[in-house]
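Below: the structure, in structure tokens.
The values are calculated or read from the model by the stated rules, or taken from the named source; none is laboratory data. Being a predicted model, the structure only gives us computed values, none of them experimental. Virtual Cβ from ideal backbone geometry, glycine too; neighbours counted across all protein chains shown. Side chains are part of the model used for accessible areas, which takes the heavy atoms of the whole protein and leaves out ligands, DNA and RNA. Shrake-Rupley method; radii C 1.70, N 1.55, O 1.52, S 1.80 Å.
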Number of protein chains: 2
Amino acid sequence: MRDALFQRTLCLTGEDAEAKRAEIHAYFLATFDRYEQLFETLVADHAYFVKPIALRHPLIFYLGHTATFFINKLMLAGLLQERVNAQFESVFAVGVDEMSWDDLDDAHYQWPSVGEVMAYRGQVRETVCRLIQTAPLALPIDWDHPWWTILMGIEHERIHLETSSVLIRQHAIQYVKPHPAWQACQATGVAPQNQLVKIPAGDVALGKDRSASTYGWDNEYGQHKVSVPAFEASRYLVSNNEFLGFVEDGGYATDRYWEAEGLAWKTYSRAIHPTFWVKQGNAWQLRLMTEVVAMRWDWPVEVNYHEAGAFCNWKKAVTGKAVRLPTEDEWYRLYDFCNLTEIESGKPACANIHLDHYASSCPVSEFRQGELYDVTGNVWQWTNTPIYPFAGFEVHPLYDDFTTPTFDGLHMLLKGGSWISCGNEALHSARYAFRRHFFQHAGFRYVLGEVGSKVPTSSYETDRLLSEYAEFHYGDEYFGVVNFPKALADIAIHAMGNKPACRALDLGCATGRATFELARHFDHVTGIDFSARFIGIGSELAGQGVLRYTLIEEGKLVSYKSRSLKELNLDGTRHKVDFFQGDACNLKPLFSGYDLILAANLIDRLYSPTKFLGSVHERLNMGGILLIASPYTWLEEHTKSAEWIGGFKKNAENFTTLDGLKEQLSPHFRLIGAPRDVPFVIRETKRKFQHSVSEVTLWERIV
Amino acid sequence: MRDALFQRTLCLTGEDAEAKRAEIHAYFLATFDRYEQLFETLVADHAYFVKPIALRHPLIFYLGHTATFFINKLMLAGLLQERVNAQFESVFAVGVDEMSWDDLDDAHYQWPSVGEVMAYRGQVRETVCRLIQTAPLALPIDWDHPWWTILMGIEHERIHLETSSVLIRQHAIQYVKPHPAWQACQATGVAPQNQLVKIPAGDVALGKDRSASTYGWDNEYGQHKVSVPAFEASRYLVSNNEFLGFVEDGGYATDRYWEAEGLAWKTYSRAIHPTFWVKQGNAWQLRLMTEVVAMRWDWPVEVNYHEAGAFCNWKKAVTGKAVRLPTEDEWYRLYDFCNLTEIESGKPACANIHLDHYASSCPVSEFRQGELYDVTGNVWQWTNTPIYPFAGFEVHPLYDDFTTPTFDGLHMLLKGGSWISCGNEALHSARYAFRRHFFQHAGFRYVLGEVGSKVPTSSYETDRLLSEYAEFHYGDEYFGVVNFPKALADIAIHAMGNKPACRALDLGCATGRATFELARHFDHVTGIDFSARFIGIGSELAGQGVLRYTLIEEGKLVSYKSRSLKELNLDGTRHKVDFFQGDACNLKPLFSGYDLILAANLIDRLYSPTKFLGSVHERLNMGGILLIASPYTWLEEHTKSAEWIGGFKKNAENFTTLDGLKEQLSPHFRLIGAPRDVPFVIRETKRKFQHSVSEVTLWERIV
């Protein structure tokens, strides 16, 4: 290893801008250099062009990519006006999707030579240095600061320093060679017997503050505070030796230890042992980044989430105890329990992290941290928490797809960092997540305890219709048209006057805004819609208080949006609503006894409006109010024309839907006041909207 | 016949409202009585329930229908608040569509008895009388006056007096009986030899003035002035004897005399002679309304349009002369040439009309009118003019489908009236039209002469998309959003400044509003659209200056709308525009040399926007301007996503359509000024609109 410690991620506050400029310059160069040095472990140019694994580009891409990333983001930020090399900046812009292990890459690429890419990196280096040396700089550098993109580029390169080291480790051994700057740990011995350590219950606070002085990725910000119940955690990371028990007990051959996705991966990959284990005759060896060595039984095993999970299931079966992976919250509890703090600048970390010690793992018993070992460093530790946004999450406008696509329940958080986790990666607040089949320098620690709190649904609703309705109900106003469900609820509440306001029904509630709005006045409101997908949005909001969705801007471009009940002043209604799937033309008897029924934009979407209109009085208390709103957009696809209640010639004369409503409701209702128009707007794209005008009528049940 | 003359249609102006009230009362009763008296020619109740012809209801319907019509229209007008008999007023509201001779009626009806219907008529009679005696009345009664509907009901009954008399004439002879009030003419003799009378050229003015003092149907109003060239007209209507020549010469068996639709009718109906001719052994007899008599060879033949036309074609073939049916204009020229005037109130008409003389036709030589006979009266005369609206046509709001469905090129005008044409039917301004296969008391007169002026296209555009675009381009403004094509043309014209303004191209012109608008500034403007249907609208407007379309109000309810270039202050541009069908991605070379090209809402509808953008400069003069407006609504159905020019991630970053435009146009254009937003609204129904915002960019050709 080199003598000097690899520079820590920077503090971005301070008074002395010129000193900060110099720090950033050094930080950029240190990172840019170290990244290039990693590629010196390749034996020759041809090694750059062979794919280490089928699912990723060859390493030549990653050599160019981190440079291109700088240029692309600096252009976006307006710090650069001209590209360095437009062609390269297209070729090196987009990696292969790591999302799916069965998504084979069949693209054909014409890669530049190593010399050309290195020359390009030289140009980028000069460009970025010139920028750092000359661009105006005022402190602090925060999220909105133009220089944030410079840090973004550096931290991005540090991520690739790690992921490229994994690819090099996955490269066939003939393509790599040892390198004095990348020396593996030499220590090894007998693995310690693992033990369970009792961790008392305690509160943890996750989420980086927006005023924090270091760079952070979007997913780190926000707040998440929770009480973690007591649990037990293994003192050590699971070593190769400990994992051998699973392998030798037929763990890879026993399907019941594997969850469905893991089983599919195992079948596809034909895995029968950890990926970096190499069987040499009867002996196990271990593949490191640049060499194959005798098995290091006391080093942490490196596996993907599926393997870690299968191990836990095996151990649970064998021991009869509730063995499982920890949650993210529990990892933070371990961190606090062991009294850990951020690594310091001036001295090596008390952890195998940040390249402070080795270019490899080391024995699980080497770095003691309180009562445990390797809470941070050595290898990343899989959790059973899919990554999700903290309350207050926002995308960064210049990198809006850094995290958002991974809020899908399929990307699992890893914590703690590895021997090569540097910069932001090594911080307490770091949050990285990968697909369950993915390999990193990652292993695990197991815990015993009840399953912790459920992770909130975090995926962004991308279904076009649901997103449009989410925005329609909870989003912005367009063309000055006020929120429609709220306007209807206000009309309904006003019409109720001093009438009893125990129960209200929002029939055809769609995504449920009016349900919440009515709950400002009623003791309880039920939202019912034919679409389970629609009511899912309402339920999610009632449960979590927050809703996330994407909005189509133009073509395939989207923006990310979230809305909370709190922002809408509806937080107090969360426990007064419920949602059910149901058919307004054939509603279960239990849905009755209401003081108000709201039917917003419903009647022209029913297969039989007459069935609804002919029986709705049965569900309403005497004196109760029925509010009907509709733009009367009769469409054959929703309502066969024989079922329309108006909008046709009847006895040779125009017969409107309002005529039909009067005819059908008159046996039990009286019309209160005059019909009124209430407009609504549904956003389809940034530039396209449906703009309609609903006719609102109020009907009082009198018979 | 009865002694007193059947009351003429009323003068609706005057000073003495009470006297007018009495006149209207008498007019109503006279009509209501006479109509009931017609049904006295039926032998017994069962005759009411057998259909005279397959395509129409049995006569019981028509007995009830004219009464129901009063109630329905008076309710609509607000003169009545309650129905007389809701069930009857449903049963008797809608007749069978007479539109198509092969549209068989398979509905099942439960008709009330004759006694019940007569009792119902008694109630309606009382109701209308009470109304006439008591409702407030201020003179004059005009189109907007509530009492107009009373006149509408009376004149409607007079129409049915005639059409029911035709049905009775078509009824099997055993169902009908002679009646002293309905006595046929007894006179008959040898038919006169027909002769051609030279009619000198002359101007005619058609169209009833809105200030006229008599009731009129919607289609009569407006203006149509034309110079009719000289022609020759047969002195007499074609008699049964003259038509016999055609029959005996094998006219019905000779397909080439028949136009396609007539041939289809002849095949379907198996007609081999006029429908009211009856062959008894070798002798021809004639069916009158209530009896079959020996053939009246000197009476006018009664035929449908197809038979009249076939006769002309036969005569043309036989004589080598341009024999044909007259136009409506020519009929008015005959009227003027013969110095005819409206029939008087106090004495019998000099024509077999208004039931003044007979309940049948009479010899073609009986009523001389100037140099001709029977220009009015005896039987209706087919013209070869399909009914069309005069300039200034409007529907009556309480009877908007009286004429509009017949503006389809399939309904031919008949002129002159028959022996039973009464009230409005007998006026100079009367305009009635029927399908070509239809029978009335109708025959014809033939003329010789060049074919007159073409009848304008008059049908209302009902195609949903075309109508929406017609309204978008030429109709009203909604939500305060100004007319979009005009706004774009204004931007373009302003941008032109003092640049040459010879030729402009409106590419993707749709229905062409911007084409006309640009022609305010440019010497010539060409509109091109991929859709021939769209440019048809522009062409029609350029040709006729007027456009008619229906707007969907709600469900199947429509309103009727027309717009003229005059109203839009664009009349002066009619001769500066032309329209072509064309593909913006593959335009013919001749479309070049323009000073301006407008591409409004085009690029996101092209299959290859790149082909368009890459070649559009070739069509523009140096220094010329390209205006692109688009909401960038990329849809796979119009443009495969591989062809989108923006609206996706490119090299991992957002790449908007504006980015794509800049990239693709930069080789030949410079962007002038900043992009600006121009909103537009497309009306779908009375309550549903598309509301979009186009981004407008101006590009000057510099290379």
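Summarising the strand pairing of chain A, around 70 percent of its internal DSSP beta bridges are antiparallel.
Over both sides of the A-B contact, add up the buried accessible area with a 1.4 Å probe and give it to the nearest 100 Å².
Between A and B, the summed buried area is about 3700 Å².
Overall shape: oblate for segment B:288-369, with the ratio a/c of the largest to smallest alpha carbon gyration tensor axis at 1.5 or above and b/c at least equal to a/b. Taking every alpha-carbon pair under 8 Å whose residues sit at least 6 apart, segment A:181-292 reaches a relative contact order of 22 percent.
Legend: mean number of C-beta atoms from other chains within 10 angstrom of residue C-beta atoms, peptide B:545-555, equals 4.
Mean projection of the alpha-carbon convex hull of segment B:469-550 over all orientations, in nm²?
5.7
By the compact-protein rule of thumb, 2.2 N^0.38 Å, the alpha-carbon radius of gyration of segment B:1-46 corresponds to a ratio of 1.53. Looking at the calculated P(r) for segment B:10-89, what percent of the C-alpha pair distances fall above 21 Å? Value for segment B:10-89: 48 percent of Cα pairs lie more than 21 Å apart.
Relative contact order of chain B: 11 percent, from C-alpha pairs under 8 Å at least 6 residues apart in sequence. The value for segment B:120-181 of Rg(Cα) / (2.2 N^0.38 Å) is 1.56. Kirkwood Rh over Cα pairs of segment A:347-445 into Stokes-Einstein at 10 °C, 1.306 mPa s: D in µm²/s? Roughly 111 µm²/s, to the nearest whole number.
The value of relative contact order for segment A:262-366, using C-alpha pairs under 8 Å at least six residues apart, is 23 percent. Hey, how much of the P(r) for the protein assembly as shown falls beyond 51 Å, as a percent of Cα pairs? That tail contains 52 percent of the Cα-Cα pairs. Classify segment B:139-225: rounded, prolate or oblate, from the alpha-carbon gyration tensor (a ≥ b ≥ c, eigenvalue square roots; a/c under 1.5 rounded; otherwise prolate if a/b is larger than b/c)? Judged from the Cα gyration tensor, segment B:139-225 comes out oblate (a/c at least 1.5, b/c at or above a/b). Take each residue of peptide A:675-687, count the partner chain Cβ atoms within 10 Å of its Cβ, and average: the result is 3. Label-point distances for A:Glu18 to the equivalent site in the other copies, using a point 7 angstrom along Cα→C-beta, read 11.0 nm when ranked shortest first.
Look at where the Cα atoms of segment A:486-505 and of segment B:183-248 average out, and the two centres are 69 Å apart. Would you work out if segment A:51-191 is rounded, prolate or oblate? Take a ≥ b ≥ c from the square roots of the eigenvalues of the alpha-carbon gyration tensor; rounded if a/c is under 1.5, else prolate when a/b is larger than b/c, oblate otherwise. Prolate shape, in that a/c is at least 1.5 and a/b is the bigger ratio. Database note for chain B: Cys without another Cys beta carbon under 4.7 angstrom, B:Cys11, B:Cys129, B:Cys312, B:Cys338, B:Cys350, B:Cys422, B:Cys502, B:Cys509, B:Cys585.
What part of the accessible area of chain B, given as a whole %, is carbon or sulfur when the probe is 1.4 angstrom?
52
In chain A, the calculated helix contribution to ellipticity at 222 nm averages -8500 deg cm²/dmol per residue, counting -39,500 (n - 2.57) for every DSSP H run with n ≥ 4. Between the amide H of B:Ile199 and those of B:Phe231, B:Glu232, B:Ala233, distances stay under 5 Å, these residues lying 5 or more places away or on another chain, with hydrogens modeled in the peptide plane. Across segment A:202-331, the volume of the C-alpha convex hull divided among the residues equals 173 Å³ per residue.
Against the compact-protein benchmark of 2.2 N^0.38 Å, the Cα-based radius of gyration of segment A:608-703 scales to 1.21.
Per residue, segment B:124-282 exposes an accessible area of 44 Å² to a 1.4 Å probe, with every protein chain left in place. Within segment A:525-653, the proportion of Cα pairs with more than 17 Å between them is 69 percent.
According to the Cα-based calculation, Rg over Rh for segment A:509-601 is 1.02, with Rh computed by the Kirkwood formula.
Shown for B:Thr610: label points 7 Å from Cα along the beta-carbon vector, and their distances to the equivalent points in the other copies, 5.6 nm in ascending order.
Size of chain B from its Cα atoms: along the principal axes, largest to smallest, the extents are 94, 64, 50 Å.
Count the DSSP beta bridges whose two residues both fall in the protein assembly as shown, then state the antiparallel fraction as a percent rounded to the nearest 5. Taking every DSSP beta bridge within the protein assembly as shown, about 75 percent pair in antiparallel fashion.
The other copies place their B:Gly623 label points at 8.2 nm from this one, listed shortest first, where each point is 7 Å from Cα along Cα→Cβ.
The share of Cα pairs per 5 Å bin across segment A:230-286, counted from zero up to the longest distance, runs 4, 15, 22, 23, 18, 12, 5, 1, 0, 0 percent.
Ordered by packing density, taken as the mean number of other Cβ atoms within 10 Å over each peptide's residues, highest first, how do A:245-258, B:355-368 rank?
Order by mean packing, descending: B:355-368, A:245-258.
Residues whose amide H falls under 5 Å from that of B:Asn384, counting only those 5 or more places apart or on a different chain, are B:Thr327, B:Glu328, with hydrogens built in the peptide plane. Distance to the B-onto-A rotation axis is smallest for one chain B Cβ; residue and value in angstrom are B:His691, 2. In segment B:646-668, burial by the other protein chains removes 30 Å² or more of 1.4 Å probe accessible surface, compared with the chain on its own, from B:Gly647, B:Lys649, B:Asn651, B:Ala652, B:Glu653, B:Asn654.
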